[in-house]
Amino acid sequence: MFDHKEGPLAGFTVAVTAARRADELGALLQRRGASVVHAPALRIVPLADDSELLAATKDVIDQRPDVVVATTAIGFRGWVEAADGWGLGEALLDRLRGVELLARGPKVKGAIRAAGLTEEWSPSSESMAEVLDRLLSEGVDGRRIAVQLHGEPLPGFVEALREGGAEVVGVPVYRWMPPEDIAPVDRLLDLAVSRGVDALTFTSAPAAASLLSRAESRGLLPELLAALNHDVLPACVGPVTALPLQASGIDTVQPERFRLGPLVQLLCQELPARARTLPIAGHRVEIRGHAVMVDDCLRPVPPAGMSLLRALSRRPGWVVPRADLLRALPGAGRDEHAVETAMARLRTALGTPKLIQTVVKRGYRLALDPAADSKYADA
């Protein structure tokens with residue numbers, strides 16, 4: 001991995017679509033040098049306002065379940081707090097003390113114990129698949145099982161329990177809704193289709209589905225999918241989060257451990273690996289999202305300059321005509337003088353004017369080191 005004083009994500013722009021823990025994810029990315037764009041694709045309905053949760057809570061209290069499956073710490077805490085607000089807190093805790101309480105992972109165990117309860121079992125894998133295997137191996141026919149839903153789909157989980165003969169009570173601890181202000185999402189979509197971001201991060205399946213839905217409603221879905229398939233890296237915290245993207249034919253990257261820290265570490269590996277590195281005029285030049293590393297120095301470059309540099313780097317060492325560079329400039333029109341202006345600013349931004357050579361009456365070329373000419377001759 002490329003390591004330097006600027007941070008492994010310096011020069012890259014990463015979008016955060018999360019509504020929950022967005023500040024934490026953004027801070028982790030910024031500490032590693034990234035520029036962060038935040039556009040929550042969803043909002044969470046407050047628990048106390050959710051009539052569905054109230055109905056499910058009364059159902060659990062009135063008719064004792066045999067098993068309760070707790071899936072997230074924030075959801076379990078929120079369920080107990082909401083029940084308290086309705087005057088049902090003690091009744092709910094009394095009911096949960098008399099059932100088989102399963103916790104998906106260590107954070108959920110902590111929330112259960114903080115409520116004065118004790119879980120009966122928790123899988124070492126933190127996987128709902130392992131929870132399902134345990135329940136099915138015990139036998140679920142005729143059993144009443146309450147499952148804490150947490151805004152993300154549980155593929156096949158509830159269906160498998162019902163097929164096994166269980167009565168399943170869904171407990172929707174919070175609900176995802178579209179954001180009240182859609183403008184940040186629209187700005188993010190515009191950035192993504194114009195390649196103004198280098199990666200989109202997703203920490204929930206509903207957020208991914210919401211972003212795709214908004215793109216479709218704006219007529220941008222084909223452009224967004226093209227960007228995600230080629231230039232913008234879609235990074236998901238885990239396989240469940242990736243499902244809506246995969247259903248649209250998008251390959252995603254995911255960390256082995258489904259946590260924010262490993263997700264950021266994965267980006268620290270993937271984004272620098274995708275950067276184009278060339279030996280130019282005796283310098284090591286790495287072309288990143290919105291900046292260029294010249295040797296170990298980060299050089300921010302304006303969008304027009306990055307467009308020119310990418311056009312030159314597609315055929316390193318070859319002369320690129322002004323007309324081709326003009327087409328690469330966003331909204332430049334027909335005046336080739338725009339190329340000269342943007343090129344002058346690019347050279348200034350790079351701080352090393354000799355990286356780009358002017359070929360009189362023909363165009364511009366990257367001053368590729370002679371030893372590298374043969375390697376890139378057919379690029």
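The values are calculated or read from the model by the stated rules, or taken from the named source; none is laboratory data. Keep in mind that this is a model prediction, so the values were computed, not measured. Cβ placement follows ideal geometry from the backbone for every residue including glycine, while neighbour counts extend to all protein chains displayed. For accessibility, only protein heavy atoms count, side chains too; no ligands or nucleic acids. Shrake-Rupley method; radii C 1.70, N 1.55, O 1.52, S 1.80 Å.
Could we say that VAL99 is buried (at least 20 other Cβ atoms within 10 Å of the Cβ) and in contact with a Lys or Arg (Cβ under 8 Å, 6 or more places away or on another chain) here?
no
Say whether the condition of being in contact with a Leu (Cβ under 7 Å, 6 or more places away or on another chain) and part of a loop (DSSP other than H, G, I, E, B) is met by at least one residue in the stretch 335-348.
Looking through the stretch 335-348, at least one residue is in contact with a Leu (Cβ under 7 Å, 6 or more places away or on another chain) and part of a loop (DSSP other than H, G, I, E, B).
Determine whether GLY165 is without any contact (Cβ under 8 Å) to a residue 12 or more places away in the chain and on the phi > 0 side of the Ramachandran plot.
Spelling it out, it is not the case that GLY165 is without any contact (Cβ under 8 Å) to a residue 12 or more places away in the chain and on the phi > 0 side of the Ramachandran plot.
Considering only the stretch 334-366, state which residues are touching a Pro at 6+ places or on another chain (Cβ under 9 Å), charged (D, E, K, R) and either surrounded by 13 or more Cβ atoms within 10 Å (Cβ to Cβ) or closer than 15 Å to VAL285 by Cα (or both).
ARG345, ARG347, ARG365 - these are the residues of the stretch 334-366 that are touching a Pro at 6+ places or on another chain (Cβ under 9 Å), charged (D, E, K, R) and either surrounded by 13 or more Cβ atoms within 10 Å (Cβ to Cβ) or closer than 15 Å to VAL285 by Cα (or both).
Return the only residue of GLY289, GLY261 being open to solvent by less than 50 Å² (accessible area, probe 1.4 Å) and touching a Gly at 6+ places or on another chain (Cβ under 7 Å). Spell out the reasoning first.
On the way: GLY261 fails: touching a Gly at 6+ places or on another chain (Cβ under 7 Å).
Matching residue, one of GLY289, GLY261: GLY289.
Tally up the residues in the stretch 164-179 that are within 23 Å of VAL197 (Cα to Cα) and either touching a strand residue (DSSP E or B) at 6+ places or on another chain (Cβ under 6 Å) or at pLDDT 90 or above (or both), please.
Count: 1.
Determine the pairs where a residue that is farther than 11 Å from ALA70 by Cβ, located within the stretch 94-118, has a partner that is open to solvent by 60 Å² or more (accessible area, probe 1.4 Å) and of a type in the set (Val, Ile, Thr) with Cβ atoms under 9 Å apart, the partner being 6 or more residues away or on another chain.
ARG97/THR118
Could you please give the count of residues in the stretch 167-195 that are open to solvent by 10 Å² or more (accessible area, probe 1.4 Å) and either farther than 16 Å from LEU221 by Cα or outside any helix (DSSP H, G or I) (or both)?
Number satisfying all stated conditions: 18.
For the stretch 209-252, which residues satisfy the criterion of being in contact with a strand residue (DSSP E or B) (Cβ under 9 Å, 6 or more places away or on another chain), touching a residue at least 60 places away in the same chain (Cβ under 8 Å) and within 12 Å of ALA192 (Cβ to Cβ)?
Passing the criteria: only LEU211.
Consider the stretch 280-299. How many of its residues are closer than 20 Å to ALA15 by Cβ and not aliphatic (A, V, I, L, M)?
The number of residues fulfilling the criteria is 3.
I'm checking my understanding of the structure. Among residues of the stretch 196-228 that are of a type outside the set (S, T, N, Q) and in a loop (DSSP other than H, G, I, E, B), which one is most open to solvent (accessible area, probe 1.4 Å)?
So the residue we want is ARG218.
If I ask for residues that are without any contact (Cβ under 8 Å) to a residue 40 or more places away in the chain and in a helix (DSSP H, G or I), which ones from the stretch 253-266 would you list?
PRO262, GLN265, LEU266
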